[in-house]
1. Run down 212, 231 and say which single residue is in the same structural domain as residue 161 (by TED's automatic domain parsing) and without any contact (Cβ under 8 Å) to a residue 24 or more places away in the chain.
2. Return only the number of the condition from (1) away from the ligand (no atom under 14 Å from the Cβ); (2) surrounded by 20 or more Cβ atoms within 10 Å (Cβ to Cβ); (3) among the polar types (S, T, N, Q) that residue 362 does not satisfy.
3. Take the stretch 126-150 and flag every residue that is in contact (Cβ under 8 Å) with a residue 12 or more places away in the chain and either not in a strand (DSSP E or B) or not assigned by TED's automatic domain parsing to the domain that holds residue 166 (or both).
4. Collect the residues in the stretch 354-386 that are in a strand (DSSP E or B), of a type in the set (S, T, N, Q) and touching a residue at least 60 places away in the same chain (Cβ under 8 Å), keeping them in residue-number order.
5. Can you tell me which of (1) within 10 Å of the ligand (Cβ to nearest atom); (2) in a helix (DSSP H, G or I) is the one residue 333 doesn't meet?
6. Residue 16: outside any loop (DSSP other than H, G, I, E, B), surrounded by fewer than 19 Cβ atoms within 10 Å (Cβ to Cβ) and out of contact with any Ser or Thr (no Cβ under 7 Å at 6 or more places or on another chain), yes or no?
7. Report yes if residue 290 is within 16 Å of the chain's Cα centre (by Cα), outside any strand (DSSP E or B) and more than 8 Å from the ligand (Cβ to nearest atom), otherwise no.
8. Report every pair of residues separated by at least 6 positions or lying on different chains whose Cβ atoms are under 6 Å apart, first residue within the stretch 328-353 and closer than 19 Å to residue 296 by Cβ and in contact (Cβ under 8 Å) with a residue 12 or more places away in the chain, second aliphatic (A, V, I, L, M) and assigned to a helix (DSSP H, G or I).
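The values are calculated or read from the model by the stated rules, or taken from the named source; none is laboratory data. Just so you know, these numbers come straight off a predicted model, no measurement behind them. Reconstructed Cβ throughout: ideal geometry from the backbone, glycine too, with neighbour counts over all protein chains shown.
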Amino acid sequence: MLNLLIENINHDGEGIARNKGKVVFIPFTIVGEQVNVEIVEDKKYYSRGILKEIVTKSSHRIEAKCPYYYNCGGCSYQHMAYQMQTSLKQKIVQNTFKRIGGIDFEVKELIGMQKPWNYRNKVTWHLVEEQKSIKMGFYRMRSNILIDIQQCTLLKPVLNEVSHIIREMIHELKIGEKSSIMIRHSNDLNKVMIEFINCIPGKNLLKKLSGKAHSIYLQQRGSLKLLFGEKGLTQRTGHSMFILGPHDFFQINPEQNEKLIHLVCQYLDLSGTEKVLDAYCGVGTFSINIARDAFRVLGIDSNLQAINNAIVGSCEHVLVNLKTRFNRIIVDPPRAGLKEAFIRSILSVCPKIIVYISCNPSTLARDIKQFILNDYKLIDIQPLDMFPQTSNIENIVLLQKI
Ligand code: SAH
């Protein structure tokens, strides 16, 4: 057993300590705590430890609300008071910009939630059959052990209710390889969309679910079939309505998404004459909400199902071939961030304002550095808590052409 001091927190929310110079990652710890640790993994450059005892406890430590917290792996900040989580995330963004982008910039205070629980509008449960009984839950972090979970404190109550019905009638499910169930909530209907993936629900279960479900899909060997109800699920966001299919991206925290859209509109500073490009537009949450304030908005997304009046294709290929000039560009890429060639295409279009929305501070810092090197001025880095209780951080960055 080692006695170590927690000096920092990494991107996965694990505490960082040093043992004779070597970095040790210890989940569920807080900066300043002195802890007893058992090393469970010893690599060349780092080790991983399990918290065995807290010798000096942080004043920010609280009881985790969820009984599965230390087992589940979905959350990593439940042992910290919310105030601590928000200031920590702000600090992590600040440090990441410095370390990866070489950018020393005052990051704004994180926009948090009043009630940072029961916010998720979508869940995917995994299923496995073990000794003739079916487990339904989440995989433990960095493992293939499935933890059976009855309730999740991050989910909207309706999602827990529907999950409970499925669990009660789990014997009605025919399980295959890599089975899972996706449930998505509509804030417009207060009903859900359910997708059974590689598992088939029996008639009684379907009947029971039909009271709460707006649509039920079955996905097997890559093909999708509607078993019950309507094809799409309506979702109200900003001043617009969206119709979602089971595979369309939509922010999982609707309350924070409203704040995000509001901020993007504000940053775009539209007067009605601008041409706006919404790259990685998804179903168009930004495009549609800004359409009435701009002269023209064009969206690009590679997911054909998600979009109606946007261009289908990868941003990297589409923008270089477009002849249009844009005064504003929004980018909201997946975690990997922007490809270098796409950054060059954006630079050649020369928009006055770029708004970059990102769920990965590291790739964000790397990309923002490129814009700064090419005559863009960093105006704001605004973190927003899209995923309270977890270590994920969403950021909105405003850049202006010098
Ligand atoms: N801005 C939207 C969606 C962001 S999620 C919203 O806020 O709801 C990221 C989106 O990028 C997804 O819709 C995905 O289909 C799309 N995508 C991923 N890689 C892409 C690429 N190379 N080119 C275009 N779109 C891509």
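1. 231
2. Checking residue 362 against (1) away from the ligand (no atom under 14 Å from the Cβ); (2) surrounded by 20 or more Cβ atoms within 10 Å (Cβ to Cβ); (3) among the polar types (S, T, N, Q), the one that fails is (2).
3. Across the stretch 126-150, the qualifying residues are 140, 141, 142, 143, 149, 150.
4. Of everything in the stretch 354-386, just one residue is in a strand (DSSP E or B), of a type in the set (S, T, N, Q) and touching a residue at least 60 places away in the same chain (Cβ under 8 Å), namely 382.
5. With respect to (1) within 10 Å of the ligand (Cβ to nearest atom); (2) in a helix (DSSP H, G or I), residue 333 is out only on (2).
6. yes
7. No, not satisfied.
8. 328/268; 329/346; 345/319; 345/320
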